[in-house]
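Here the structure is laid out as C-alpha coordinates; the discussion comes afterwards.
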Amino acid sequence: MTQHRDVILKGGRLLDPSLGLDGVGDLLVRDGKVEALGGLIGTPDGALVVECGGQVVSPGFIDVHCHLREPGREDVETILTGARAAAAGGFTAVCAMPNTDPVTDNQAAVGFVLKQGRAAGAARVYPIGAISIGQKGGQLAEFGEMVGAGAVAVSDDGKPVVSAQLMRTALEYARTFGIPVADHCEEPTLAAGGAMNEGYVSARLGLKGIPAEAEEIMAIRDILLARLTGGHVHLCHMSTKGSVELIRWGKERGIPVTAEACPHHLSLTEAEVEGYNTNAKMNPPLRSAADVEAVQQAVKDGTIDVIATDHAPHHNDEKQREFSDAPNGIIGLETALAVNVTWLVKSGIISLGTLVERMACAPARLFGLPGGSLRRGTAADITVFDPEVAWMVDPKSFLTKGRNTPYAGRMLHGRVACTLVDGRIVYNRMG
(Lines give C-alpha, C1' and ligand atoms only; values in the text may rest on other atoms or scores of the structure.)
Protein backbone atom coordinates (compact mmCIF):
# COMPACT_ATOMS: atom_id res chain seq x y z
CA MET A 1 0.00 0.00 0.00
CA THR A 2 1.49 3.28 -1.16
CA GLN A 3 0.66 6.73 0.25
CA HIS A 4 1.42 9.91 -1.68
CA ARG A 5 0.05 13.36 -1.11
CA ASP A 6 -0.51 13.85 -4.85
CA VAL A 7 -1.19 11.12 -7.40
CA ILE A 8 -1.75 11.93 -11.05
CA LEU A 9 -3.35 9.42 -13.39
CA LYS A 10 -2.14 10.40 -16.87
CA GLY A 11 -3.82 9.88 -20.20
CA GLY A 12 -6.53 7.37 -19.31
CA ARG A 13 -10.08 7.11 -20.62
CA LEU A 14 -12.02 8.90 -17.88
CA LEU A 15 -15.36 7.09 -17.71
CA ASP A 16 -18.00 8.19 -15.20
CA PRO A 17 -21.69 7.84 -16.12
CA SER A 18 -22.68 9.85 -13.02
CA LEU A 19 -21.00 12.88 -14.61
CA GLY A 20 -21.76 12.03 -18.25
CA LEU A 21 -17.98 11.80 -18.64
CA ASP A 22 -16.23 9.72 -21.29
CA GLY A 23 -12.99 11.08 -22.70
CA VAL A 24 -9.22 10.87 -22.53
CA GLY A 25 -7.54 13.03 -19.92
CA ASP A 26 -5.69 13.26 -16.62
CA LEU A 27 -6.96 12.97 -13.06
CA LEU A 28 -5.24 14.55 -10.07
CA VAL A 29 -5.67 13.17 -6.56
CA ARG A 30 -4.71 15.41 -3.64
CA ASP A 31 -5.07 14.57 0.05
CA GLY A 32 -7.21 11.56 -0.75
CA LYS A 33 -9.74 13.44 -2.89
CA VAL A 34 -10.27 14.12 -6.58
CA GLU A 35 -8.69 17.54 -7.13
CA ALA A 36 -9.01 17.93 -10.91
CA LEU A 37 -9.92 15.85 -13.94
CA GLY A 38 -10.06 16.12 -17.70
CA GLY A 39 -7.62 17.38 -20.30
CA LEU A 40 -3.93 17.80 -19.58
CA ILE A 41 -3.05 18.55 -15.97
CA GLY A 42 0.40 19.70 -14.96
CA THR A 43 2.33 17.35 -12.71
CA PRO A 44 2.85 18.81 -9.23
CA ASP A 45 6.29 18.49 -7.64
CA GLY A 46 6.71 15.18 -5.87
CA ALA A 47 3.52 13.68 -7.28
CA LEU A 48 3.34 10.00 -8.11
CA VAL A 49 2.64 9.66 -11.83
CA VAL A 50 0.62 6.65 -13.01
CA GLU A 51 0.59 6.28 -16.80
CA CYS A 52 -2.91 5.14 -17.78
CA GLY A 53 -2.74 5.24 -21.57
CA GLY A 54 -5.04 2.56 -23.01
CA GLN A 55 -6.70 2.07 -19.62
CA VAL A 56 -10.14 3.04 -18.36
CA VAL A 57 -10.18 5.25 -15.24
CA SER A 58 -13.54 4.93 -13.49
CA PRO A 59 -15.14 5.36 -10.08
CA GLY A 60 -14.16 2.42 -7.88
CA PHE A 61 -16.39 -0.63 -8.08
CA ILE A 62 -18.59 -1.34 -5.05
CA ASP A 63 -19.79 -4.85 -4.24
CA VAL A 64 -22.98 -4.73 -2.17
CA HIS A 65 -23.02 -8.50 -1.57
CA CYS A 66 -20.07 -10.61 -0.48
CA HIS A 67 -19.20 -13.12 2.22
CA LEU A 68 -15.95 -12.54 4.09
CA ARG A 69 -16.48 -15.43 6.57
CA GLU A 70 -14.95 -13.63 9.57
CA PRO A 71 -15.69 -14.24 12.38
CA GLY A 72 -16.04 -18.02 12.47
CA ARG A 73 -14.58 -19.38 9.24
CA GLU A 74 -11.20 -17.71 9.00
CA ASP A 75 -9.89 -20.93 7.43
CA VAL A 76 -11.77 -20.10 4.20
CA GLU A 77 -11.56 -16.28 4.23
CA THR A 78 -10.74 -13.38 6.50
CA ILE A 79 -11.69 -9.75 6.22
CA LEU A 80 -8.03 -9.08 5.37
CA THR A 81 -7.82 -11.61 2.53
CA GLY A 82 -11.27 -10.67 1.27
CA ALA A 83 -10.51 -6.94 1.28
CA ARG A 84 -7.24 -7.55 -0.58
CA ALA A 85 -8.98 -9.77 -3.12
CA ALA A 86 -11.60 -7.08 -3.57
CA ALA A 87 -8.92 -4.46 -4.31
CA ALA A 88 -7.33 -6.83 -6.84
CA GLY A 89 -10.73 -7.11 -8.52
CA GLY A 90 -11.09 -3.33 -8.74
CA PHE A 91 -13.48 -3.03 -5.81
CA THR A 92 -12.85 -0.04 -3.59
CA ALA A 93 -15.63 -1.08 -1.20
CA VAL A 94 -17.50 -4.24 -0.30
CA CYS A 95 -20.55 -4.93 1.87
CA ALA A 96 -20.05 -7.96 4.10
CA MET A 97 -23.06 -10.21 4.65
CA PRO A 98 -23.90 -11.12 8.26
CA ASN A 99 -24.03 -14.94 8.03
CA THR A 100 -20.88 -15.30 10.10
CA ASP A 101 -20.36 -17.24 13.34
CA PRO A 102 -21.49 -15.53 15.47
CA VAL A 103 -24.00 -13.74 13.26
CA THR A 104 -23.50 -10.00 12.75
CA ASP A 105 -26.74 -9.12 14.51
CA ASN A 106 -25.66 -6.54 17.10
CA GLN A 107 -23.67 -3.38 17.62
CA ALA A 108 -20.50 -5.14 18.83
CA ALA A 109 -20.42 -7.52 15.86
CA VAL A 110 -20.85 -4.63 13.41
CA GLY A 111 -18.03 -2.77 15.16
CA PHE A 112 -15.76 -5.81 14.89
CA VAL A 113 -16.25 -6.06 11.11
CA LEU A 114 -15.55 -2.33 10.70
CA LYS A 115 -12.43 -2.54 12.85
CA GLN A 116 -11.05 -5.50 10.91
CA GLY A 117 -11.85 -3.78 7.64
CA ARG A 118 -9.95 -0.64 8.63
CA ALA A 119 -6.98 -2.74 9.77
CA ALA A 120 -6.89 -4.52 6.39
CA GLY A 121 -6.06 -1.24 4.64
CA ALA A 122 -7.39 -2.40 1.29
CA ALA A 123 -10.98 -2.07 0.00
CA ARG A 124 -13.38 -0.40 2.39
CA VAL A 125 -15.52 -2.93 4.28
CA TYR A 126 -19.10 -2.04 5.20
CA PRO A 127 -21.03 -4.41 7.48
CA ILE A 128 -24.56 -5.50 6.68
CA GLY A 129 -26.47 -6.39 9.83
CA ALA A 130 -28.85 -9.32 10.19
CA ILE A 131 -32.61 -8.79 9.93
CA SER A 132 -33.37 -11.31 12.66
CA ILE A 133 -31.43 -12.31 15.77
CA GLY A 134 -29.16 -15.21 14.84
CA GLN A 135 -30.74 -15.19 11.35
CA LYS A 136 -33.36 -17.47 12.87
CA GLY A 137 -36.31 -15.63 11.36
CA GLY A 138 -37.98 -15.00 14.71
CA GLN A 139 -37.14 -11.78 16.53
CA LEU A 140 -36.05 -8.62 14.74
CA ALA A 141 -32.46 -7.58 15.44
CA GLU A 142 -31.80 -4.09 16.83
CA PHE A 143 -31.52 -2.08 13.61
CA GLY A 144 -30.93 1.26 15.30
CA GLU A 145 -27.92 0.08 17.27
CA MET A 146 -26.40 -1.65 14.24
CA VAL A 147 -26.90 1.38 11.98
CA GLY A 148 -25.43 3.57 14.69
CA ALA A 149 -22.38 1.31 14.77
CA GLY A 150 -21.94 1.48 10.99
CA ALA A 151 -24.22 -1.08 9.31
CA VAL A 152 -25.33 0.12 5.86
CA ALA A 153 -28.19 -2.35 5.27
CA VAL A 154 -29.86 -5.37 6.83
CA SER A 155 -30.20 -8.88 5.42
CA ASP A 156 -30.58 -12.49 6.48
CA ASP A 157 -28.84 -13.52 3.24
CA GLY A 158 -28.15 -17.20 3.03
CA LYS A 159 -31.59 -17.65 4.52
CA PRO A 160 -34.88 -16.24 3.24
CA VAL A 161 -37.10 -14.21 5.54
CA VAL A 162 -39.91 -16.76 5.65
CA SER A 163 -42.36 -14.75 7.74
CA ALA A 164 -44.18 -12.09 5.73
CA GLN A 165 -45.00 -10.28 8.96
CA LEU A 166 -41.33 -10.15 9.98
CA MET A 167 -40.41 -8.86 6.52
CA ARG A 168 -43.13 -6.21 6.77
CA THR A 169 -41.84 -5.08 10.15
CA ALA A 170 -38.23 -5.07 8.89
CA LEU A 171 -39.17 -2.82 5.96
CA GLU A 172 -41.08 -0.43 8.23
CA TYR A 173 -38.26 -0.27 10.74
CA ALA A 174 -35.49 0.05 8.14
CA ARG A 175 -37.36 2.89 6.47
CA THR A 176 -36.94 5.03 9.58
CA PHE A 177 -33.16 4.59 9.27
CA GLY A 178 -33.04 5.10 5.51
CA ILE A 179 -31.42 1.73 4.78
CA PRO A 180 -32.37 -1.05 2.37
CA VAL A 181 -33.58 -4.49 3.41
CA ALA A 182 -31.76 -7.02 1.20
CA ASP A 183 -33.59 -10.32 0.89
CA HIS A 184 -32.61 -13.77 -0.30
CA CYS A 185 -35.72 -14.69 -2.30
CA GLU A 186 -36.41 -18.38 -1.79
CA GLU A 187 -39.67 -20.09 -0.83
CA PRO A 188 -38.23 -22.82 1.40
CA THR A 189 -40.86 -25.51 0.96
CA LEU A 190 -40.49 -25.39 -2.83
CA ALA A 191 -36.69 -25.27 -2.67
CA ALA A 192 -36.23 -27.90 0.06
CA GLY A 193 -33.62 -30.50 -0.86
CA GLY A 194 -32.93 -28.91 -4.23
CA ALA A 195 -29.38 -28.84 -5.56
CA MET A 196 -29.70 -27.17 -8.99
CA ASN A 197 -32.24 -25.62 -11.36
CA GLU A 198 -35.33 -27.74 -11.90
CA GLY A 199 -35.57 -28.81 -15.51
CA TYR A 200 -34.34 -31.24 -18.12
CA VAL A 201 -30.72 -31.23 -16.92
CA SER A 202 -31.63 -31.91 -13.28
CA ALA A 203 -33.93 -34.75 -14.33
CA ARG A 204 -31.22 -36.35 -16.47
CA LEU A 205 -28.59 -36.01 -13.71
CA GLY A 206 -30.97 -37.36 -11.09
CA LEU A 207 -30.64 -34.25 -8.92
CA LYS A 208 -33.58 -32.66 -7.13
CA GLY A 209 -34.29 -29.31 -8.70
CA ILE A 210 -35.26 -25.87 -7.43
CA PRO A 211 -38.01 -24.34 -9.59
CA ALA A 212 -37.82 -20.73 -10.72
CA GLU A 213 -41.06 -20.14 -8.84
CA ALA A 214 -39.26 -20.61 -5.51
CA GLU A 215 -37.46 -17.32 -6.21
CA GLU A 216 -40.35 -15.57 -7.91
CA ILE A 217 -42.94 -16.18 -5.18
CA MET A 218 -40.71 -14.46 -2.62
CA ALA A 219 -39.75 -11.71 -5.05
CA ILE A 220 -43.37 -10.65 -5.61
CA ARG A 221 -44.14 -10.97 -1.90
CA ASP A 222 -41.27 -8.60 -1.09
CA ILE A 223 -42.30 -6.16 -3.82
CA LEU A 224 -45.86 -6.08 -2.47
CA LEU A 225 -44.59 -5.54 1.08
CA ALA A 226 -42.41 -2.67 -0.16
CA ARG A 227 -45.56 -1.18 -1.71
CA LEU A 228 -47.38 -1.59 1.59
CA THR A 229 -44.67 -0.11 3.79
CA GLY A 230 -42.79 2.31 1.55
CA GLY A 231 -39.59 0.58 2.68
CA HIS A 232 -36.71 0.00 0.27
CA VAL A 233 -36.44 -3.70 -0.57
CA HIS A 234 -33.32 -4.86 -2.39
CA LEU A 235 -33.65 -8.26 -4.04
CA CYS A 236 -30.44 -10.27 -3.94
CA HIS A 237 -28.95 -12.36 -6.78
CA MET A 238 -31.94 -12.45 -9.14
CA SER A 239 -31.71 -15.34 -11.58
CA THR A 240 -34.96 -15.93 -13.49
CA LYS A 241 -36.92 -14.42 -16.33
CA GLY A 242 -40.01 -14.32 -14.11
CA SER A 243 -38.20 -12.36 -11.40
CA VAL A 244 -37.13 -9.78 -13.96
CA GLU A 245 -40.74 -9.35 -15.10
CA LEU A 246 -41.92 -8.92 -11.50
CA ILE A 247 -39.24 -6.32 -10.70
CA ARG A 248 -40.16 -4.43 -13.86
CA TRP A 249 -43.81 -4.52 -12.77
CA GLY A 250 -42.87 -3.09 -9.38
CA LYS A 251 -40.70 -0.32 -10.78
CA GLU A 252 -43.36 0.72 -13.28
CA ARG A 253 -45.66 1.34 -10.30
CA GLY A 254 -43.11 3.37 -8.37
CA ILE A 255 -42.57 0.73 -5.70
CA PRO A 256 -39.20 1.17 -3.91
CA VAL A 257 -37.62 -2.05 -5.18
CA THR A 258 -34.05 -2.45 -6.41
CA ALA A 259 -32.30 -5.61 -7.49
CA GLU A 260 -28.92 -7.14 -8.19
CA ALA A 261 -27.64 -9.89 -10.44
CA CYS A 262 -24.36 -11.77 -10.20
CA PRO A 263 -21.76 -12.33 -12.92
CA HIS A 264 -22.32 -16.10 -12.84
CA HIS A 265 -26.06 -15.72 -13.48
CA LEU A 266 -25.21 -13.38 -16.35
CA SER A 267 -22.80 -15.77 -18.03
CA LEU A 268 -23.38 -19.44 -17.19
CA THR A 269 -26.30 -21.85 -17.50
CA GLU A 270 -27.32 -25.05 -15.74
CA ALA A 271 -25.25 -26.95 -18.31
CA GLU A 272 -22.19 -26.14 -16.16
CA VAL A 273 -23.42 -28.73 -13.66
CA GLU A 274 -22.74 -31.54 -16.16
CA GLY A 275 -20.29 -34.00 -14.62
CA TYR A 276 -21.62 -33.00 -11.19
CA ASN A 277 -19.30 -29.98 -11.07
CA THR A 278 -19.68 -28.63 -7.53
CA ASN A 279 -17.97 -25.38 -8.54
CA ALA A 280 -21.17 -24.73 -10.49
CA LYS A 281 -23.34 -25.25 -7.40
CA MET A 282 -24.82 -22.08 -5.94
CA ASN A 283 -28.04 -20.67 -4.56
CA PRO A 284 -29.95 -19.50 -6.47
CA PRO A 285 -28.77 -22.11 -8.95
CA LEU A 286 -27.54 -21.52 -12.47
CA ARG A 287 -30.64 -21.36 -14.62
CA SER A 288 -31.66 -21.85 -18.26
CA ALA A 289 -30.32 -19.98 -21.29
CA ALA A 290 -33.64 -18.09 -21.51
CA ASP A 291 -33.24 -16.94 -17.90
CA VAL A 292 -29.66 -15.79 -18.53
CA GLU A 293 -30.76 -13.78 -21.57
CA ALA A 294 -33.60 -12.16 -19.61
CA VAL A 295 -31.31 -11.17 -16.73
CA GLN A 296 -28.74 -9.78 -19.20
CA GLN A 297 -31.42 -7.62 -20.81
CA ALA A 298 -32.57 -6.47 -17.35
CA VAL A 299 -29.03 -5.29 -16.60
CA LYS A 300 -29.04 -3.46 -19.93
CA ASP A 301 -32.34 -1.64 -19.39
CA GLY A 302 -31.83 -0.93 -15.67
CA THR A 303 -34.48 -3.28 -14.30
CA ILE A 304 -31.51 -4.86 -12.53
CA ASP A 305 -29.80 -1.89 -10.87
CA VAL A 306 -26.57 -3.47 -9.64
CA ILE A 307 -24.14 -6.26 -10.46
CA ALA A 308 -22.90 -7.83 -7.21
CA THR A 309 -20.55 -10.80 -6.78
CA ASP A 310 -22.07 -12.91 -3.97
CA HIS A 311 -18.42 -13.89 -3.36
CA ALA A 312 -18.66 -17.09 -1.29
CA PRO A 313 -15.38 -18.90 -0.58
CA HIS A 314 -15.42 -22.51 0.61
CA HIS A 315 -12.70 -24.96 1.53
CA ASN A 316 -11.75 -27.31 -1.30
CA ASP A 317 -12.52 -30.37 0.84
CA GLU A 318 -16.09 -29.15 1.34
CA LYS A 319 -16.63 -28.60 -2.37
CA GLN A 320 -15.29 -32.09 -3.19
CA ARG A 321 -18.28 -33.80 -1.60
CA GLU A 322 -21.20 -35.41 -3.43
CA PHE A 323 -23.01 -32.71 -5.41
CA SER A 324 -26.11 -32.70 -3.20
CA ASP A 325 -23.99 -32.39 -0.05
CA ALA A 326 -21.54 -29.74 -1.27
CA PRO A 327 -22.05 -26.16 -0.05
CA ASN A 328 -23.48 -23.49 -2.33
CA GLY A 329 -21.38 -20.63 -3.64
CA ILE A 330 -18.39 -19.54 -5.69
CA ILE A 331 -15.72 -16.88 -5.37
CA GLY A 332 -16.21 -13.78 -7.48
CA LEU A 333 -14.24 -10.71 -6.41
CA GLU A 334 -11.27 -11.27 -8.72
CA THR A 335 -13.23 -12.48 -11.76
CA ALA A 336 -16.28 -10.17 -11.72
CA LEU A 337 -14.92 -7.46 -14.01
CA ALA A 338 -13.59 -9.95 -16.57
CA VAL A 339 -16.75 -12.05 -16.61
CA ASN A 340 -18.87 -8.94 -17.11
CA VAL A 341 -16.62 -7.55 -19.85
CA THR A 342 -16.38 -10.92 -21.62
CA TRP A 343 -20.08 -11.84 -21.60
CA LEU A 344 -21.80 -8.44 -21.52
CA VAL A 345 -19.51 -5.83 -23.11
CA LYS A 346 -17.64 -7.89 -25.69
CA SER A 347 -20.91 -9.43 -26.85
CA GLY A 348 -22.43 -5.98 -27.34
CA ILE A 349 -25.18 -6.38 -24.74
CA ILE A 350 -24.10 -3.35 -22.70
CA SER A 351 -21.54 -0.56 -23.02
CA LEU A 352 -18.58 -0.07 -20.72
CA GLY A 353 -20.37 2.99 -19.37
CA THR A 354 -23.38 0.89 -18.38
CA LEU A 355 -21.07 -1.62 -16.72
CA VAL A 356 -19.45 1.13 -14.63
CA GLU A 357 -22.92 2.43 -13.72
CA ARG A 358 -24.01 -1.04 -12.49
CA MET A 359 -20.73 -1.81 -10.66
CA ALA A 360 -19.85 1.60 -9.21
CA CYS A 361 -22.36 4.44 -9.49
CA ALA A 362 -25.61 2.62 -8.69
CA PRO A 363 -24.27 0.66 -5.69
CA ALA A 364 -23.03 3.89 -4.07
CA ARG A 365 -26.27 5.70 -4.76
CA LEU A 366 -28.66 2.95 -3.65
CA PHE A 367 -26.80 1.98 -0.46
CA GLY A 368 -25.87 5.55 0.48
CA LEU A 369 -22.14 4.91 0.31
CA PRO A 370 -19.19 7.23 -0.43
CA GLY A 371 -17.71 6.85 -3.89
CA GLY A 372 -19.39 6.03 -7.17
CA SER A 373 -18.19 9.23 -8.80
CA LEU A 374 -15.05 11.04 -9.99
CA ARG A 375 -16.59 14.41 -9.12
CA ARG A 376 -14.09 16.97 -7.82
CA GLY A 377 -13.93 16.89 -4.03
CA THR A 378 -15.14 13.31 -3.66
CA ALA A 379 -13.06 10.56 -2.06
CA ALA A 380 -10.53 9.26 -4.56
CA ASP A 381 -11.88 5.71 -4.80
CA ILE A 382 -10.80 4.85 -8.33
CA THR A 383 -10.42 1.76 -10.50
CA VAL A 384 -8.01 1.65 -13.45
CA PHE A 385 -8.59 -1.27 -15.80
CA ASP A 386 -7.90 -2.52 -19.30
CA PRO A 387 -11.03 -3.95 -20.93
CA GLU A 388 -9.05 -5.48 -23.80
CA VAL A 389 -6.35 -7.52 -22.06
CA ALA A 390 -6.89 -11.29 -22.15
CA TRP A 391 -5.88 -13.54 -19.27
CA MET A 392 -6.47 -17.09 -18.15
CA VAL A 393 -8.18 -17.68 -14.80
CA ASP A 394 -5.78 -19.42 -12.41
CA PRO A 395 -7.36 -19.68 -8.95
CA LYS A 396 -3.95 -20.41 -7.37
CA SER A 397 -2.92 -16.83 -8.18
CA PHE A 398 -5.86 -15.24 -6.37
CA LEU A 399 -5.57 -13.22 -3.16
CA THR A 400 -8.77 -14.73 -1.77
CA LYS A 401 -8.31 -17.97 0.15
CA GLY A 402 -11.09 -19.48 -1.95
CA ARG A 403 -10.40 -21.51 -5.09
CA ASN A 404 -13.99 -22.52 -5.88
CA THR A 405 -14.67 -21.01 -9.29
CA PRO A 406 -16.28 -22.42 -12.44
CA TYR A 407 -14.12 -20.09 -14.54
CA ALA A 408 -10.79 -21.84 -13.84
CA GLY A 409 -8.81 -22.32 -17.04
CA ARG A 410 -11.01 -19.98 -19.08
CA MET A 411 -9.62 -17.11 -21.12
CA LEU A 412 -11.37 -13.87 -20.17
CA HIS A 413 -11.04 -10.22 -21.20
CA GLY A 414 -10.67 -7.26 -18.88
CA ARG A 415 -8.27 -6.90 -15.99
CA VAL A 416 -7.67 -4.40 -13.20
CA ALA A 417 -4.40 -2.49 -13.37
CA CYS A 418 -4.62 -0.28 -10.29
CA THR A 419 -7.05 0.40 -7.43
CA LEU A 420 -7.05 3.51 -5.24
CA VAL A 421 -8.95 3.97 -1.99
CA ASP A 422 -8.91 7.43 -0.43
CA GLY A 423 -6.13 8.28 -2.86
CA ARG A 424 -3.96 5.39 -1.63
CA ILE A 425 -2.85 2.76 -4.12
CA VAL A 426 -4.11 -0.45 -2.51
CA TYR A 427 -3.52 -2.66 -5.56
CA ASN A 428 -1.14 -2.16 -8.46
CA ARG A 429 -0.46 -4.53 -11.33
CA MET A 430 1.25 -1.81 -13.37
CA GLY A 431 4.59 -2.00 -11.57
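Structure notes:
- Filter pass, residue 91 being aromatic (Phe, Trp, Tyr) and surrounded by fewer than 20 Cβ atoms within 10 Å (Cβ to Cβ): no
- Cross-chain or 6+ apart pairs with Cβ under 7 Å, segment 221-233 first and over 15 Å from residue 184 (Cα atoms), then modelled with pLDDT of 95 or more and among the small types (Gly, Ala, Ser): 231/174
- Positions within segment 5-21 being surrounded by fewer than 16 Cβ atoms within 10 Å (Cβ to Cβ) and either touching a Leu at 6+ places or on another chain (Cβ under 7 Å) or closer than 20 Å to residue 92 by Cα (or both), in sequence order: 5
- Residue selected from segment 387-404 under the condition assigned to a loop (DSSP other than H, G, I, E, B) and touching a residue at least 60 places away in the same chain (Cβ under 8 Å), by the criterion farthest from residue 338 (Cα to Cα): 401
- Strands (runs of 3 or more DSSP E) fully within segment 1-73 counting 2 or more residues that are under 27 Å from the mean Cα position of the chain (by Cα): 6-16, 21-30, 33-37, 56-59, 61-66
- Failed criterion for residue 383 (all others in (1) in the same structural domain as residue 78 (by TED's automatic domain parsing); (2) outside any helix (DSSP H, G or I); (3) buried (at least 24 other Cβ atoms within 10 Å of the Cβ) hold): (1)
- Where a residue in segment 349-361 is closer than 7 Å to residue 17 by Cβ and its partner, wherever it lies, is aromatic (Phe, Trp, Tyr), with Cβ under 9 Å and at least six apart: 356/61
The values are calculated or read from the model by the stated rules, or taken from the named source; none is laboratory data. These numbers were taken from a predicted model, which means no experiment stands behind them. In this analysis, Cβ positions are derived from the backbone assuming ideal geometry, glycine residues included, and neighbour counts consider all displayed protein chains.
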